[in-house]
Amino acid sequence: MGELSGKRITLGVTGGIAVYKAVELLRLFVKAGADVHVVMTPAATQFVAPLTFRELSFHPVAVDMFVEPKEWLMEHLSLAESGDIMVVAPATVNTLAKLAHGVADNLLCTTLLAVTAPVVLAPAADSHMWLNPITQENVAKLKRLGYHFVGPDSGSLARNIQGVGRMASPEEIYRKVADLLLVGDRRRDDWRGRRVLVTAGPTQEPIDPVRYLTNRSSGKMGYALAEAACRRGAEVTLVSGPVNLAPPAGVRLVRVQTTLEMREAALAAFPEVDVVFGAAAPADYRLAQPYEQKIKRSGNVGGGLALQLVDNPDIIAELGRLKKQQVVVAFAAETENLIENARHKLVQKKADLVVANDVTAPGAGFEVDTNQVYLVYPDGRAEKLDLLPKTEVAEQILDRVLPLCRAAG
Ligand code: PMT
């Protein structure tokens, strides 16, 4: 039994000289026990005949949308729905551009748009085409949307020209795909028996009965963590500020408005948990005395308004001081000196790990669906994670924190 036995892979092949390497990639998948279904663009068939892929995959190769299917009911839907993962190798800049713009003018592109499983793209291109800002913009967009990339590498391209654009080796693509498939398996249920507290979202500090102070946190990062921990078997308490998100199924949700309320809910849950993730952005200040009636503009036009603010408690720092067996994971939302400030917060909050995000970086921090974080450890090490959907950032944080819980007992 190979490591991929029981896995179903859809292998997309687009037209470029690297098509011959896709044959070797298919061989690696099949040797590892995967069931592989190949879909080619018409251009790819100019480089290597579908027959080669059919003989190695033991399945008919899909190329044409309008040819009567040999195995599937609706080929693009069947291919899209049944695979555990889709890999496109080589992925030409043309196919990347179509995918980035939702174009579905052949069976492979249609399948790519319909697929819900993870997608790995292994680009192969001439250097100038790869480095063209249009291609780079398409690639950045696809990364933001959660597509996985492997390569391209630098080296010798077609006609011995040196440059960037060479498709990653079949072994490298194989590893990336296998890791994604197997990590999913390993993750199932690995948090069972752990009790987790997540704080998420902003808090709101009343100014008067109609106004409040708040920030841009949407809660997406914290909700992604709560959902992933729950799916992986943990018992999760989610203390959430006001957000527009549906509570993840299975978590115990405690809704709060202010930082003082968040503190109270977190302190109540803390003695019973093994890990706390401080993904919320609680307001650091509140009004010393909120106005009892709506502040009137009339009578004070041009005079401005001074609000007297007082410090809110630092919830995570307080939990850090109180912790016994618990692992405390703080977040750091920074606009400058990311790692240095995160290291400082790690010490100041007695945290076991700090997840640092530069909230001014494109695709990171507040509101967006993606994040790019550094994990800052007590030994000073800073591990950079890729720009990924928050759901996947959450999974990777949970992967790293689980061994810390085991060490803590
Ligand atoms: O909610 P999203 O739109 O998905 O955005 C995600 C996020 C940017 C909010 C998240 O990734 C993040 O960085 N959360 C921490 C935000 C923050 O308040 O950072 P901070 O550096 O000011 O605080 C450091 C740590 O102390 C955080 O764990 C924070 O939750 C905690 N804290 C801060 C203030 C306070 N009064 N009490 C706290 O517990």
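Tell me, yes or no, whether the range 36-50 has at least one residue that is among the polar types (S, T, N, Q), touching a residue at least 24 places away in the same chain (Cβ under 8 Å) and open to solvent by 60 Å² or more (accessible area, probe 1.4 Å). The answer is yes, given that some residue of the range 36-50 is among the polar types (S, T, N, Q), touching a residue at least 24 places away in the same chain (Cβ under 8 Å) and open to solvent by 60 Å² or more (accessible area, probe 1.4 Å).
Applying the set (1) more than 16 Å from the ligand (Cβ to nearest atom); (2) touching a helix residue (DSSP H, G or I) at 6+ places or on another chain (Cβ under 9 Å); (3) not in a helix (DSSP H, G or I) to Arg186 leaves exactly one unmet item: (3). Applying the criterion of at least 2 residues that are within 12 Å of the ligand (Cβ to nearest atom) and crowded, with 22+ Cβ neighbours inside 10 Å to the strands (runs of 3 or more DSSP E) found wholly in the range 263-379 leaves 275-278, 327-334, 353-358, 373-376. For first residues located in the range 240-252 and over 20 Å from Phe270 (Cβ atoms), partners that are of a type in the set (S, T, N, Q) and within 15 Å of the ligand (Cβ to nearest atom) and lie 6+ apart or on another chain with Cβ distances below 7 Å form the pairs Pro242/Gln204; Pro242/Gln257; Val243/Ser218. Give Ala89, Ala122, Ala80, Ala97 a once-over and let me know the one that is touching a helix residue (DSSP H, G or I) at 6+ places or on another chain (Cβ under 7 Å), in a helix (DSSP H, G or I), at pLDDT 95 or above and hydrophobic (A, V, I, L, M, F, W, C). Of the residues listed, the single one that is touching a helix residue (DSSP H, G or I) at 6+ places or on another chain (Cβ under 7 Å), in a helix (DSSP H, G or I), at pLDDT 95 or above and hydrophobic (A, V, I, L, M, F, W, C) is Ala97.
Quick check on the range 220-236. Is at least one of its residues of a type in the set (D, E, K, R), within 12 Å of the ligand (Cβ to nearest atom) and closer than 22 Å to Asp311 by Cβ? Checking the range 220-236: not a single residue is of a type in the set (D, E, K, R), within 12 Å of the ligand (Cβ to nearest atom) and closer than 22 Å to Asp311 by Cβ. Exactly one residue among Val150, Val177, Val164 is over 27 Å from Arg231 (Cβ atoms) and either at pLDDT 85 or above or of a type outside the set (Phe, Trp, Tyr) (or both), and that residue is Val164. Scanning the range 251-262 for residues that are open to solvent by 20 Å² or more (accessible area, probe 1.4 Å) and either in contact with a helix residue (DSSP H, G or I) (Cβ under 7 Å, 6 or more places away or on another chain) or not assigned by TED's automatic domain parsing to the domain that holds Asn215 (or both) yields Val251, Val254. Screening the range 197-219 for residues that are more than 20 Å from the chain's Cα centre (by Cα) and in a loop (DSSP other than H, G, I, E, B) and picking the one that is nearest to Leu267 (Cα to Cα) gives Thr203. Of the set (1) surrounded by fewer than 23 Cβ atoms within 10 Å (Cβ to Cβ); (2) in the same structural domain as Glu272 (by TED's automatic domain parsing), all apply to Gly222 but (1).
The values are calculated or read from the model by the stated rules, or taken from the named source; none is laboratory data. Quick caveat: nothing in here was measured; it's all calculated off a predicted structure. All Cβ positions, glycine included, derive from the backbone under ideal geometry; neighbour counts span all protein chains shown. SASA here: full protein model, heavy atoms, side chains in, ligands and nucleic acids out. Shrake-Rupley method; radii C 1.70, N 1.55, O 1.52, S 1.80 Å.
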